[in-house]
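Visitor: I am attaching a structure below and will ask some questions about it afterwards.
Every read-out reported here was derived from the displayed coordinates using simple, explicitly stated rules and does not represent laboratory data. Please read all numbers here as calculations on a predicted model, not as lab measurements. Note: ideal-geometry Cβ built from the backbone for every residue, glycine included; neighbour counts use all protein chains shown.
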Amino acid sequence: MAGRIKAIDKSSVHRITSSQVVVDLQTAVKELVENALDAHATSIEVRFKEYGLAAIEVIDNGTGISPEDYEVVALKHHTSKLSKFEDLTTVDTFGFRGEALASLCALCDHVTITTATEDSAPMGTVLQLDRQGRVVDRSGRMARQRGTTVALSGLFMPLPVRRKELERHVKREYGKALNLLSAYALFPSLGKHGIKLKRQSQIQTDGSNSLRNAISSLWGSKGSENTVALSLDLLVAQDAATLKKRGLPMEELKINVSGIVSKFAVGCGRSSSDRQYFFVNRRPCNLSKVQKAVNEVYKTFNATQSPLLILDFTVPTAACDINVSPDKRTIFVHGEQNLIESLKVALSDHFQPSRSTFSVAEVP
Ligand code: ADP
Ligand code: MG
């Protein structure tokens, strides 16, 4: 006989859904770094104890958290960034669901937040949180410049299988987390303020807006010398049926692609595609189909090496959905296949040896 249908108790639901937001070490780090960037930090340091197995600490010099917000900071679906669904189309912060801190509280042995605002610095408050994200102690005081430190210990301890998995592959997972930090070190230079990766896990502004500087600080000056800047305006044909259904005018979608790519005559001296980063409206994301297409075009000019590639797609916000997967690494771009076709044509044209910037003769 079929069982009766009952509601799952709240704290179990919380644990089940939390484990989708923070799926591994790199998403834990990603959520904390994004919070720091959302708080306008210009310097972010990530400390790993035992590759993150024992503890992870993310220290920023952002705005800090106001005392009025302490009690709700890590409660599920509490956010300072979005108040209604419609805001999703205009939101320009990384976070908007108010889930990350709540999830981390559910998935770690212990979470503490130390924070100071402009007004309270140089004195900070230490908040001890429980598994539900409730503040159980806010009496701690500590010298602290403006900013926030979030410290996690025992990531995934409440989920024994996932914890075992993390322990087994911790070096690989740690490598992925550092790679992700590189993406965030590249991101801001596409926008308002340059942040550079200082040492492997410290991102700091160098005040410049230059993507080249960011690349040099990540991979040395050679890395950036053999690259060319790229800016392509694409007119992407839209699927007429969808547009009609949505009542949108039959227009082509304007998408700009800008960034940097290795000169095809020199490549980046590597055969692997590990130095390739994609952004949509300056959000780091996985665009595997686009990545594959770009590499295919590149291969016709340089069969042996993969390019260093940093591409940011500026897409009208109404034409993309950033809320597809819990980790927000998947971004749905309307008409992606048509985008890929336009991009391939534009890139082939751009890579033609007759174009001055890609001239073989120019390369030393
Ligand atoms: P979201 O980022 O989606 O809002 P989070 O759970 O990541 O959700 O964070 C909840 C809230 O806590 C944020 O909206 C923000 O107000 C505050 N917050 C989190 N981290 C920081 C930080 N490093 N500096 C300042 N405020 C923070
Ligand atoms: Mg967040």
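Visitor: Treat the count of other C-beta atoms within 10 Å as a stand-in for reagent exposure and order T149, T304 from fewest to most.
Guide: Neighbour counts put them in this order, fewest first: T304, T149.
Visitor: At a Förster radius of 41 Å, what calculated FRET efficiency corresponds to the Cβ-Cβ distance of R212 and K299, to the nearest 0.05?
Guide: The computed FRET efficiency comes out at 0.95.
Visitor: Here's a follow-up. Relative contact order for region 1-126: what percent, with Cα pairs under 8 Å and sequence separation of 6 or more?
Guide: 26
Visitor: List, in the order given, every pair from K30/K328; K222/K292; K171/K299 whose Cα-Cα distance in the structure shown is over 20 Å. It would help to have the intermediate numbers written out before the result.
Guide: Numbers: K30/K328 10 Å; K222/K292 25 Å; K171/K299 31 Å.
Beyond 20 Å: K222/K292; K171/K299.
Visitor: Now for a different question. With +1 on the Cβ of every Lys and Arg and -1 on the Cβ of every Asp and Glu, and nothing else charged, how large is the dipole of region 10-211 about its Cα centre, in debye rounded to the nearest 20?
Guide: On the way: 26 positive and 24 negative charges, 131 e Å.
For this selection, approximately 620 debye.
Visitor: Straight-line reach from K81: which aspartates and glutamates have Cα under 15 Å away, leaving out those fewer than 8 places along the same chain?
Guide: In chain and number order, the partners are E31, E34, D38, D69, D92, E99.
Visitor: Roughly speaking, what is the stretch gain from K289 to D87, that is 0.36 nm per residue apart minus the C-alpha to C-alpha distance, in nm to one decimal?
Guide: 69.9 nm
Visitor: Only Cα pairs under 8 Å and at least 6 apart count here; give the relative contact order of region 10-211 as a rounded whole percent.
Guide: Reported relative contact order: 24 percent.
Visitor: Check G124: other-chain or 5+ apart residues with amide H under 5 Å from its amide H, H built from backbone geometry?
Guide: M142, A143, R144
Visitor: Please give every one of the aspartates and glutamates within straight-line cross-link reach of K289, meaning a C-alpha to C-alpha distance under 17 Å, and leave out same-chain neighbours fewer than 8 residues apart.
Guide: Cross-link targets: D274, D312, D321, E336, E341.
Visitor: Mind checking which aspartates and glutamates have their C-alpha under 14 Å from K10, skipping anything on the same chain fewer than 8 residues away?
Guide: Reachable aspartates and glutamates: none.
Visitor: Taking H placed 1.01 Å from N in the peptide plane, check which residues at least 5 places from V315 or on another chain put their amide H under 5 Å from its amide H.
Guide: Residues meeting the criterion, in which the H sits 1.01 Å from N, are N281.
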